[in-house]
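Some notes on the structure that comes next.
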Amino acid sequence: MMDGLPSCLISEEILWKMLDLQTLCTVACVSKSLRFSVDTEVLPSLASLDLSIVSIDEHTLYHILSRFKSHSTLTLNCQRLYDSSLLPFLAPQIQQLNLLSCSLLSSSVLNSIGANCPFLRVLAVEFADQGSPPILFRKNVAYMLNKCQYLERLSLKIKGTEVDASAFQSIEFSLPRSIKFLKLKPMLENNAIHLANRLRVSKSPSSSGFVLQFLSLLLDVISDRLLVAISNSLPLLVELHLEDRPDKEPLPGVDLTNGGLHFLGSCHFLTDLSLKRSRQNYQGSFKRINDMGMFLLSQRCKALESVRLSGFSKVSDAGFASLLHTCQKLKKFEVRNAFLLSDLAFHDLIQAPCTLVEVRLLSCGLITSETVKKLAFSRSLEVLDLCGCKSVADSCLSSISCLQRLTTLNLTGADITDSGLSVIGQGNTPISYLCLRGCKRITDKGISFLLCGGGAIAQTLSALDLGYMPGISDNGILTIATFGREITELCIRSCFYVTDLAMRALATKRRSQDRSKQLCRVDIFNCVGLSADALKLLRKPLFRGLRWIGIGKTHLTSNEDTMITEIQKERPWLTLCLDGCEMQCHDGWQFHSP
C-alpha cells in the first residue's frame, strides 16, 4: 500500500510535516518508497540534526552525516570522537554547533572550526582536561574567535579535577562585538574582572560596542569587586550566572558581601540571577551575607523572574521571604544548602504576588511537609525538587496530587511510605520524572500503588529513579516492566535485592506489549544481586532501543572483555558505562578512557 503512494505525497504530506527524525528512521524500514524518500529527499533537506542522546563512533557518524547536505545546526555527543572525526563535516553552512562530552577532542578542533565555519553564530564545546598547556588552548580559542566574526553565543567548558583556570585569560581581546551570550568554565576572578571591564557597553543597544545580555562563569571565588565590575560594565545584562569553587575560606577583601549584592541593582534589565558557592573543594558558604543582603537584592532587582541561590548559610527565613514577596514576576526559585531556611519563609506564600512555576529546595533540612502544602497553592507549579529535605512526609502528598501541571517531582531522601505513593498513584498529576532515591520506607508494594492506582501518572511517567532503596526487589521491577508503559529511563542503582529475573523482565517485556515504549537508559550500578550471566541480556534482540546502561560495580563487569567488545560492535549506538557515572554520564564523561 505504501509503495503505491506518490513520492511527493510521502515526503511532503507524511514525512516532512508530521514525523521527527527518530520516527523517520524507523518508518524508513516499512517500505522501499519510504526508505527512498527518506534517503533522497527528506534527510538531505533537514536543517537540524541532534545526536546528543547517543554516543557514536567515527564510522557511524560518517554513515549518518553523509546523508545530510543542508544542515546548518549540528549537535553531537563526542565521547567516542576524535578531532579527525569532525573535520569532514565542518563546513561554511554550519551556523550552530554543539559539541558535548568531548572526552577525546583537543583544543585544536577550535582551530578547525574557525577555519571551516566562518558564518558560525552559536558554538558550545565541552572539553575534558587533557593537561595540555593553557597557552595552546588560548591560541586556538583566539584563532577561532578571530575567524568567526558573526558569533553571538559562545559556551566553552573544561571539565576535570585540576583544570588550569587561566585557560581563558585574555579571551576578551578576541571576542567579536556580535557576542550576546557568553559562558566560560572555569575562570579566575582576576581574569573575569578584566573581561567585564573590556566588555564595557553603552547603555544604548544601538551602539557599535558589545551588547552582552547573558554571562555565566565558574570561578575560583565570587567577590564584591567582580560584581562591581559586572554592574558598571554590563548594564544590559538579562541573565547572570556565577558559581565559585574556593579551596579555602576566602579572605575578607576577596569575598561576596551584602554590599556586592547591592551593586546588582545597576543591571536594570536583569531577570535571571544565579549565585552559587560549591562545596566540591571546600565545605564553605557565603558567610558575609545575611538577611540585609537579601533585602537589598529584592529591593534593587524587583524584575527578577528566576533566582538560584546556593551556600547562603547566614540568610534566614526573612531574607528568602523578601525575594518571594517583592519580586512579583518570580517564576523559578531555587535554594540549596540554606541551613536556616524553614517553613516560616513560605508561611504567607498565598499573599505573595508571584506565580511560581519551578521550585527547588535542595538540602534544606528544616523544610517540612507544611512548606509543600503552601507551595501547592501555586497551581501553575511544573517542577518541585525537594532533594535532601528529609522531613517531607506523606501528609503533603495529597496536596501534590492535585497539581495538574506538575511534570517533575524529586523526593530524594524524603520520609514517605507506600501509603504516600498510593495517593500519588490515584491523583491527576501528570508527572513525567519522579525521583524517590534513598526513600528507605518504600517497598515493592508502593511501586504497585504508584503504577496501578488508576491515576494520571501511569500514563505520563517516563523517567523513574529508585536508587539506594533497600525495599525494592524483583517484584517491584516486574511491576514496572508490566505497567510502566511510558517509562524510558530507569535508575535502580544500589538496589541489592534486584536479580537476573528482574533484568530479564525488563529486557523482554517490550516485545510483547506493543503500546509500551522502549527503555533507552538504565542504571544498575552496584546492583550486586545480578550475576555475570545478566550481561548476555544486552545482546540483540533484547533491550531493543537501549542507548545507555551503567553496569559499574556489578558482576556484569567480571565477564571477559571479549563479550563486552562483542556487544559494543553489535550495538554501536549503545554506551556501556563501567565507571559509576550518573545517568548518561552527565557527571563523569570527562574521566572516561578511550
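The values are calculated or read from the model by the stated rules, or taken from the named source; none is laboratory data. Since the structure is predicted, the reported quantities are computational estimates derived from the model, not experimental observations. Reconstructed Cβ throughout: ideal geometry from the backbone, glycine too, with neighbour counts over all protein chains shown. Surface areas here come from the heavy atoms of the whole protein model, side chains and all, with no ligands, DNA or RNA. Shrake-Rupley method; radii C 1.70, N 1.55, O 1.52, S 1.80 Å.
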Task: Local electrostatic count at R80 - Lys and Arg +1, Asp and Glu -1, tallied over other residues with Cβ under 15 Å - done: -2
Open item on the list: Please state the shape class of region 464-573: rounded when a/c is under 1.5, otherwise prolate if a/b exceeds b/c and oblate if not, all from the C-alpha gyration tensor.
Closed with: oblate
Open item on the list: What do you get for trypsin sites (Lys or Arg not before Pro) in region 431-486 restricted to DSSP loop and a cutoff of at most 15 other Cβ within 10 Å of the site's Cβ?
Closed with: K440
Open item on the list: Around K157, under 10 Å between beta carbons, what's the net of Lys plus Arg minus Asp minus Glu among the other residues?
Closed with: +2
Open item on the list: Given axes a ≥ b ≥ c from the Cα gyration tensor, I'd like to know whether region 268-417 is rounded (a/c under 1.5), prolate (a/b larger than b/c) or oblate.
Closed with: oblate
TODO: Send over the Kirkwood Rh of region 128-261, from the inverse of the averaged 1/r over different Cα pairs, rounded to one decimal Å.
DONE: 15.4
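For every helix of n ≥ 4 consecutive DSSP H residues, a contribution of -39,500 (n - 2.57) applies; sum these over the chain, divide by its total residues, and give [θ] at 222 nm rounded to the nearest 500 deg cm²/dmol.
One gets -7500 deg cm²/dmol as the mean residue ellipticity at 222 nm.
Could you order the peptides 108-117, 460-469, 562-571 from most to least packed, using the average number of other C-beta atoms within 10 Å per residue?
460-469, 108-117, 562-571
Give me the percent of the accessible area of the chain that comes from carbon and sulfur atoms, probe 1.4 Å, all protein chains in place.
Percent of accessible area from carbon and sulfur atoms in the chain: 52.
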Task: Solvent-accessible area per residue for region 243-311 (1.4 angstrom probe, square angstrom) - done: 43
- [ ] Could you tell me what fraction of 2.2 N^0.38 Å the Cα radius of gyration of region 66-141 comes to, as a two-decimal ratio?
- [x] 1.06
Open item on the list: As a test of the definition: which semi-axes, in Å, follow for the chain when you take the square root of five times each eigenvalue of its alpha carbon gyration tensor? Largest first, please.
Closed with: 39, 35, 24
- [ ] Pull up the cross-link candidates among the lysines for K302, meaning alpha carbon to alpha carbon under 19 Å and not fewer than 8 places away within one chain.
- [x] K329, K331, K332
TODO: Take each complete run of DSSP H in the chain, measure how far its Cα atoms stretch along the helix's own axis, and keep only those covering 15 Å or more with mean Kyte-Doolittle hydropathy at least 0.0; list them.
DONE: 134-147
